[in-house]
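Student: Next up is a structure, given as structure tokens.
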Amino acid sequence: MLVTVAQALINGLLIGGIYALVSIGVTLIFGVVKVVNFAQGEIVMAGMYTSYFCATLLGIDPLVSLLISMPALFIVGVCLQHFLIRRVLKLGDMPQIFLTFALSLLLTNVALLLFKADYRTIQTSYSDTAIHIGPVYIAVAKLIAFGVAMLLSALLWVFLRTTDLGKAMRASAQNPEVSMLMGINPDLVFAVAVGLALALAGAAGSLLMPFYPAYPMVGQVFILMAFVAVVLGTLGNVTGALIASLMMGVAESLGIQFVGADSGLIVVFVMFLVTLIIRPNGLFGGKRR
Amino acid sequence: MSGKFSRKTLWLSVLFALMLLLPQFVTSRFYMDIVIRVLLFSFIGVAWNLMGGYAKQLSLGHAAYFGLGAYTSTMLQINYGISPWIGMIAGGGVAMLASLPIGALCFRLRGPYFTISTIAMAQVLMLLFLKFRDFAWGAEGTTIPNLGDAPWMMQFEEKAAYFYIALALLVVGLVVTWAVERSWMGYYLVALGEDEDAAQAIGVNVPKMKRHIYLISTFLTALAGTFYIQYIYFIDPPTAFSFNISVEAALVSIVGGIGTLWGPVVGTVLLEVTSTLLQSWLGGGHGGVQLTVYSLILMAVILWRPAGLLGLITDVYHRIFGNKQQSEQEAALDG
Amino acid sequence: MGLSKNNTDKLKVGRRQVLSTTAAAGVISLFNIKHAAFAADVVNIGALYPTTGSLAQTGQGCVNATKLAIQMINDAGGIKSLGGAKLNLILSDNQSDTTVTRTETDRLISNNKLSAIHGCYASALTLIASEVAERARMPLLTGSSSDQLNAGTRHYTFTPFARASQFAEAQLKMARLVSDKPKVAVVFENTAFGTATSNGLREKAPGLGVEIVLFEPYSAGFADASPLINKIKASGADMVFPVSYLNDLILIIRSIKQAGLKVVINGGSGGFVLPDFQKSVGDLAEGLLGVAHWNHDMSPATLEVNAAYKKQYGDFIFEYSGGIVAQTFMIAAALEKAGSADPKKVHEALTQLEFTEGYAAMCPGGRVKFGPDGKNLYAYPVGVQWQKGDLVSVFPEKDAHASLIKS
Amino acid sequence: MLSVTNVSASYGRVPAISDICIEVGEGEAVGLLGANGAGKSSTLRAISGLIKLTAGSVTFGGINTKGMPPYKITELGIAHVPEGRQVFPELTVRENLEIGAYLPGPKAQRQRSLDRVFTIFPVLAKRQKQLAGTMSGGEQQMVAVGRGLMLMPRLLILDEPSLGLSPVMADLTFEKIHEIHTSGTAILLVEQNVSRALTLVDRAYVLEGGRVIMNGSSIELANNKQVQASYLGI
């Protein structure tokens, strides 16, 4: 029994790391640009395909191709902000949500046109291996993914805390008008924020590739969980999203173990709704709106 | 402005008469099917728009009520042989009852918090219907027994009958919206939609307003659920609680023009017709083309006409029939 | 799509040719909506498969097989009793979506003078299409396995292949071949396909001497299989029956390997019998068992079809696609017998015919006769195993192509 | 240095200010006085680019700011400290100040500016690590003013710096503003507290209904009957 629980906790934390990369991106965009990006899951998909083709065409290990997928999607993010999101910033929630929703539909179907619906996997030396510690085990590919996810989250935190651009980003998030009076160009800050968010999603894709199949609809698997984590951890709060994602990974895993394999999501959603009854602004929201 | 009013009435009467006669002209089952779906989704959009458009509560969980309506009537029909006509009203009642606790929870939240909580609610309902297999056929779902031509059981050989039901639903939805728009409730809703705190401050009972409009909106949505299942002959949780229904309801309103009487109708005509025609031209064989084009059209509309296409249509209408000043006034009212 | 450069084979279908045929069909269906009469030289067959949405991958495989079958029939001279009329395929994408299926079935039937239709891969979609077809009195052939398709008042739905309940039986019997007292964990996706199959397993297990130690539905399309594997591990099972579609199955197989769990796996049908399964998990597929309603090595006829398909599309022809080829030949035979393209006559012919030879009889046992509920009286499934990268038939003995390897 | 010429601006269809003309010279302290809703804040927002002009022009140091976004106008050397203690609440005091020196020019002088701000507002030096949102109103006002100074502006625009402060805090704030002015920075001050403002500025404009109705030196205005009646309560 103890072993089972320990294993369930490990499994939950490991997948929570992946949820974190997706949800941190969503929360970063919301925090700075105030737009909920429904297409974030499709960016993960793009990251997966990038790594897939790097591996199959160029023989690059998916973990190394992180160095390609992240900058590539950073640029995509900058363009996305500049050409699309910027145009709907003043229009309110609904056009924004549906613009990103349309974008997610577009990306899915373009992927379908380009790559067909085939499930694509790559086999690395560490794909199916695990470290066994007594009766419990840790899958190597997932451990690496978790480690890199935590490292990237930490780097983002350091960036936001210590660099001028990071501080400017936080300032813009808290008060965009006054930050302009400080000489901060919101277009630049917003573009960097969206770029970083997409780079993180791209990283999630690359990290998933050694153990998860890529296909055009794969983004759907992660996006709902990411949204719940983002809200639970208080929209716009990067640390909150990280902690909430790990919590949800664990809750899902325990739910599957002790309530039923068809109830992992029910447990997560109930936890989510109960939390919102107690704290309408999420776990880390305090009293502010 | 009485001249304008009478002209509008005239146009509406002509339109309505044409609609009544439509089955005489359209004999193709395919085109009839498009028309029926346009009417149905317009109705769903109109129901959503009451809450999403006027009170600006962006719910993406209306599939919950669509599904509850659908399941209520189907279970009454198959388990007890009760007519879907009665089941439809019962479904509406169940949806209204369910909206009370769900509303009590979700309305505590605002903005994206509210939206995502509504998605979660609809998902939980779907997962529960999947989980409790003995309650209502579980994941396997069930087909509606084929009774041939049985009007009392809402089954018809001819598409025209489905057309008239869908048309009647839409008319009900529009009349309700029209009545709400013109009542004190309409003003309060718009006020709270613009700024909740300010509305509360000037004495609008915001929670009560939200609760009331939610009751109306969910009741209508549930009616659509019953009709839909009778029309496609099949029910299972992913169909009845489909996220697509929630999205479509909001989408048609946004594309047409939210918080306007005719917005959802205009939006549905554009989106449903486009998607069906794209499907029949491009579908089959070349996976993804039709939805790619569809999403591009969607993005173009949102970027080009964020307030919805209805404004554009009234503009054009007044450019042809009226003077420019009038059209500006109209646009201001609609925007 | 692996295209062959070799043009010598008789069955070879030029890709361009296929494309132009469908394109022409598309144009016809567009502009001749009202006027497409029973043209003397063309018989229209409708096919509804998901080429977008969550089932797009398999749907595309189904479409490929449909095109191949039509080409085979046309190359062999079309329908002779109709003066050598060629079959014309009219495709429709139902987007893996129930509403779209409803609309598209209606559109197919009302916009085209069809003689028969087939579809839709997923049981839920087939159920809807069959309801529409029933009301339009249009014969529908399907490889879908839901027992609901044979229930109720349906007269126009024909299911030539094994039913969900029969799959369970075969799977359990195979379990007994591997172990005397199997302790089985049944994990199934919470969908129509998953529940239908697993219900059969639960009902029949006690009678066949199989103990089910875990019976667990899961939410399809999960992000991680390891919590589920953890449950299997805790249950003490020595055999796992995952009833899953491809994506989940890949994760389950990989996670079992990661967990170091030593269990016999019988993946049933679904994602397990697709060529892509083996491509995705590689050597992990070796020795795994499954059950299918069709397999490419069952008979000389299936081997021929497989060779043609492989040349055209690169992979072996998988279960559902192979079934589609057989169904198309059944339709052709019915047209031949009816001597008319009228769907009612085709329906009548289908109820009377018994198929025992040729491509139409490509079915485990090689015999098809539809009963009053549209069910093939002689249908049963075939047990399969992944051996050296190929899916071979191993059960029952009379259909076996190779013997079952006990790992 | 700053010339506002015949400027009009509106919020949507509601006109906010019309035909405003204001001059501020190098090193000068100028007041913008008037009742609530007279258009004082709107004038400032028009200067710093936060609202678009519908007519007229603003030049600063000879450069016309037409079409410039606010962050470009800031680069010219204008620091606008907006009304209502708008600090970045979740940034620390020090981070708030550092953001003030975000532009390359001020950034090069960041340490010196910080020292200067800490000299003027010693309390901020002690509270460097505190989140700005958790401070008292007066302290937040100091952060906001200090942050403006970090920009090393040629013109410091202050919008109601004493709003909501206790009399003691308000006195202190005005003292500090005076200090800043005497060190050479031009100041454009918006105040409702007219008598207080007139002790600080050299000249002032009086706004009413979005228009300039009067202007003159502090002494002239303090002695004007109408001003006395309307704003000084005499």
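Student: When you go through A:F38, A:F53 one by one, which is the residue that is surrounded by fewer than 24 Cβ atoms within 10 Å (Cβ to Cβ), without any contact (Cβ under 8 Å) to a residue 12 or more places away in the chain, more than 14 Å from chain C (Cβ to nearest Cβ) and not acidic (D, E)?
Tutor: A:F53
Student: If the requirement is being of a type outside the set (S, T, N, Q) and surrounded by fewer than 20 Cβ atoms within 10 Å (Cβ to Cβ), which of these qualifies: A:L14, A:L80, A:L2?
Tutor: A:L2
Student: Filter the stretch B:135-185 down to residues that are surrounded by fewer than 17 Cβ atoms within 10 Å (Cβ to Cβ), small (G, A, S) and outside any helix (DSSP H, G or I) and give me whichever is nearest to the other protein chains (Cβ to nearest Cβ).
Tutor: Among those residues, the one meeting the criterion is B:G148.
Student: Could you go through the stretch A:181-190 and let me know if any residue there is facing chain D (nearest Cβ under 10 Å), touching a strand residue (DSSP E or B) at 6+ places or on another chain (Cβ under 8 Å), surrounded by 23 or more Cβ atoms within 10 Å (Cβ to Cβ) and part of a helix (DSSP H, G or I).
Tutor: There is at least one residue in the stretch A:181-190 that is facing chain D (nearest Cβ under 10 Å), touching a strand residue (DSSP E or B) at 6+ places or on another chain (Cβ under 8 Å), surrounded by 23 or more Cβ atoms within 10 Å (Cβ to Cβ) and part of a helix (DSSP H, G or I).
Student: Still on this structure, please answer the following. Among the listed residues C:G268, C:G282, C:G221, identify the single one that is out of contact with any Lys or Arg (no Cβ under 9 Å at 6 or more places or on another chain), in contact (Cβ under 8 Å) with a residue 60 or more places away in the chain and surrounded by fewer than 21 Cβ atoms within 10 Å (Cβ to Cβ).
Tutor: Among C:G268, C:G282, C:G221, only C:G221 is out of contact with any Lys or Arg (no Cβ under 9 Å at 6 or more places or on another chain), in contact (Cβ under 8 Å) with a residue 60 or more places away in the chain and surrounded by fewer than 21 Cβ atoms within 10 Å (Cβ to Cβ).
Student: Which residues, taken from the stretch B:88-110, are over 21 Å from the mean Cα position of the chain (by Cα), among the hydrophobic types (A, V, I, L, M, F, W, C) and outside any loop (DSSP other than H, G, I, E, B)?
Tutor: Once the filter is applied, which keeps residues that are over 21 Å from the mean Cα position of the chain (by Cα), among the hydrophobic types (A, V, I, L, M, F, W, C) and outside any loop (DSSP other than H, G, I, E, B), the stretch B:88-110 yields B:A104, B:L105.
Student: Can you tell me which of (1) buried (at least 23 other Cβ atoms within 10 Å of the Cβ); (2) touching an Asp or Glu at 6+ places or on another chain (Cβ under 9 Å); (3) modelled with pLDDT under 90 is the one B:V255 doesn't meet?
Tutor: Going through the list (1) buried (at least 23 other Cβ atoms within 10 Å of the Cβ); (2) touching an Asp or Glu at 6+ places or on another chain (Cβ under 9 Å); (3) modelled with pLDDT under 90, B:V255 breaks only (2).
Student: Continuing with this model, one more query. On the basis of being closer than 27 Å to D:V201 by Cβ, surrounded by 20 or more Cβ atoms within 10 Å (Cβ to Cβ) and in contact with a helix residue (DSSP H, G or I) (Cβ under 6 Å, 6 or more places away or on another chain), does D:T65 make the cut?
Tutor: Against the criterion (closer than 27 Å to D:V201 by Cβ, surrounded by 20 or more Cβ atoms within 10 Å (Cβ to Cβ) and in contact with a helix residue (DSSP H, G or I) (Cβ under 6 Å, 6 or more places away or on another chain)), D:T65 qualifies.
Student: Can we say B:Q200 is assigned to a helix (DSSP H, G or I) and within 14 Å of chain C (Cβ to nearest Cβ)?
Tutor: no
Student: Of the conditions (1) modelled with pLDDT of 90 or more; (2) more than 9 Å from every other protein chain (Cβ to nearest Cβ), A:L89 satisfies every one except a single condition; which number is it?
Tutor: Only one criterion in (1) modelled with pLDDT of 90 or more; (2) more than 9 Å from every other protein chain (Cβ to nearest Cβ) is unmet by A:L89, namely (1).
Student: Related question: Hey, among the residues in the stretch C:182-195 that are more than 9 Å from C:P242 (Cα to Cα) and modelled with pLDDT of 90 or more, which one's surrounded by the fewest Cβ atoms within 10 Å (Cβ to Cβ)?
Tutor: If we take residues in the stretch C:182-195 being more than 9 Å from C:P242 (Cα to Cα) and modelled with pLDDT of 90 or more, then C:K183 is surrounded by the fewest Cβ atoms within 10 Å (Cβ to Cβ).
Student: Please enumerate the residues belonging to the stretch C:102-122 that are within 8 Å of chain B (Cβ to nearest Cβ) and not basic (K, R).
Tutor: C:T103, C:E104, C:D106, C:I109, C:S110, C:N111
Student: I've got another one for you. Specify which of the listed residues (D:S41, D:S18, D:S8) is under 19 Å from the mean Cα position of the chain (by Cα) and not basic (K, R).
Tutor: Of D:S41, D:S18, D:S8, the one residue that is under 19 Å from the mean Cα position of the chain (by Cα) and not basic (K, R) is D:S41.
Student: Which one of these does A:D262 not meet: (1) in contact (Cβ under 8 Å) with a residue 60 or more places away in the chain; (2) farther than 19 Å from A:T100 by Cα; (3) within 14 Å of chain C (Cβ to nearest Cβ)?
Tutor: With (1) in contact (Cβ under 8 Å) with a residue 60 or more places away in the chain; (2) farther than 19 Å from A:T100 by Cα; (3) within 14 Å of chain C (Cβ to nearest Cβ) applied to A:D262, the lone miss is (1).
Student: Go through the stretch A:204-223 and give me each residue that's closer than 15 Å to A:P62 by Cβ and either surrounded by fewer than 24 Cβ atoms within 10 Å (Cβ to Cβ) or within 12 Å of chain C (Cβ to nearest Cβ) (or both).
Tutor: Once the filter is applied, which keeps residues that are closer than 15 Å to A:P62 by Cβ and either surrounded by fewer than 24 Cβ atoms within 10 Å (Cβ to Cβ) or within 12 Å of chain C (Cβ to nearest Cβ) (or both), the stretch A:204-223 yields A:A204, A:L208, A:P210, A:F211, A:Y212, A:P213, A:A214, A:V218.
Student: Quick check on my filter: what residues within the stretch C:176-194 are within 14 Å of chain A (Cβ to nearest Cβ), closer than 15 Å to C:G267 by Cα and outside any helix (DSSP H, G or I)?
Tutor: Of everything in the stretch C:176-194, those that are within 14 Å of chain A (Cβ to nearest Cβ), closer than 15 Å to C:G267 by Cα and outside any helix (DSSP H, G or I) turn out to be C:A185, C:V186, C:V187, C:F188, C:E189.
Student: Counting just the residues of the stretch D:181-234 that are more than 27 Å from D:T5 (Cβ to Cβ) and among the basic types (K, R), which one comes out surrounded by the fewest Cβ atoms within 10 Å (Cβ to Cβ)?
Tutor: Per the criteria, the residue is D:K225.
Student: Something else about it: When you go through (1) touching a residue at least 60 places away in the same chain (Cβ under 8 Å); (2) crowded, with 20+ Cβ neighbours inside 10 Å one by one for D:I120, which number turns out not to apply?
Tutor: (2)
Student: Could you tell me how many of the residues in the stretch C:298-343 are of a type in the set (S, T, N, Q), under 24 Å from C:L108 (Cβ atoms) and assigned to a helix (DSSP H, G or I)?
Tutor: Of the residues in the stretch C:298-343, 3 are of a type in the set (S, T, N, Q), under 24 Å from C:L108 (Cβ atoms) and assigned to a helix (DSSP H, G or I).
Student: In the stretch B:261-304, what residues are farther than 21 Å from C:S54 by Cα, within 11 Å of chain A (Cβ to nearest Cβ) and without any contact (Cβ under 8 Å) to a residue 12 or more places away in the chain?
Tutor: Across the stretch B:261-304, the qualifying residues are B:M299, B:A300, B:L303, B:W304.
Student: Please give the helices (runs of 4 or more DSSP H) falling wholly within the stretch B:1-87 in which 2 or more residues are within 14 Å of chain C (Cβ to nearest Cβ) and in contact with a strand residue (DSSP E or B) (Cβ under 9 Å, 6 or more places away or on another chain).
Tutor: B:63-80
Student: If you check D:A101 against the conditions, is it closer than 21 Å to A:P186 by Cα, free of Cβ contacts under 8 Å to residues at least 60 places away in the same chain, surrounded by 19 or more Cβ atoms within 10 Å (Cβ to Cβ) and small (G, A, S)?
Tutor: Against the criterion (closer than 21 Å to A:P186 by Cα, free of Cβ contacts under 8 Å to residues at least 60 places away in the same chain, surrounded by 19 or more Cβ atoms within 10 Å (Cβ to Cβ) and small (G, A, S)), D:A101 qualifies.
Student: Still on this model: Which of the helices (runs of 4 or more DSSP H) contained wholly in the stretch D:49-141 include at least 2 residues that are of a type in the set (A, V, I, L, M)?
Tutor: Once the helices (runs of 4 or more DSSP H) in the stretch D:49-141 are filtered for at least 2 residues that are of a type in the set (A, V, I, L, M), what remains is D:93-100, D:110-120, D:122-126.
Student: For the stretch C:220-240, how many residues are within 28 Å of B:D134 (Cβ to Cβ) and either in contact with a Ser or Thr (Cβ under 8 Å, 6 or more places away or on another chain) or assigned to a helix (DSSP H, G or I) (or both)?
Tutor: 12
Student: Just one of B:L130, B:L147, B:L170 is farther than 30 Å from A:V35 by Cα and without any contact (Cβ under 8 Å) to a residue 40 or more places away in the chain; which is it?
Tutor: B:L147
Student: Hey, another quick one. Determine, yes or no, whether C:A69 is on the phi < 0 side of the Ramachandran plot and within 14 Å of chain A (Cβ to nearest Cβ).
Tutor: no
Student: Among the residues of the stretch B:88-127, write down those that are within 7 Å of another protein chain (Cβ to nearest Cβ), hydrophobic (A, V, I, L, M, F, W, C) and under 30 Å from C:T126 (Cα atoms).
Tutor: B:A120, B:V124, B:L127
Student: What about A:I75, is it surrounded by fewer than 22 Cβ atoms within 10 Å (Cβ to Cβ), at the interface with chain C (Cβ under 10 Å from one of its Cβ atoms) and on the phi < 0 side of the Ramachandran plot?
Tutor: no
The values are calculated or read from the model by the stated rules, or taken from the named source; none is laboratory data. Treat the numbers as computed from the prediction; the structure is a model and nothing was measured. Using ideal geometry, Cβ is built from the backbone for each residue, glycine included, and neighbour counts are taken over all protein chains shown.
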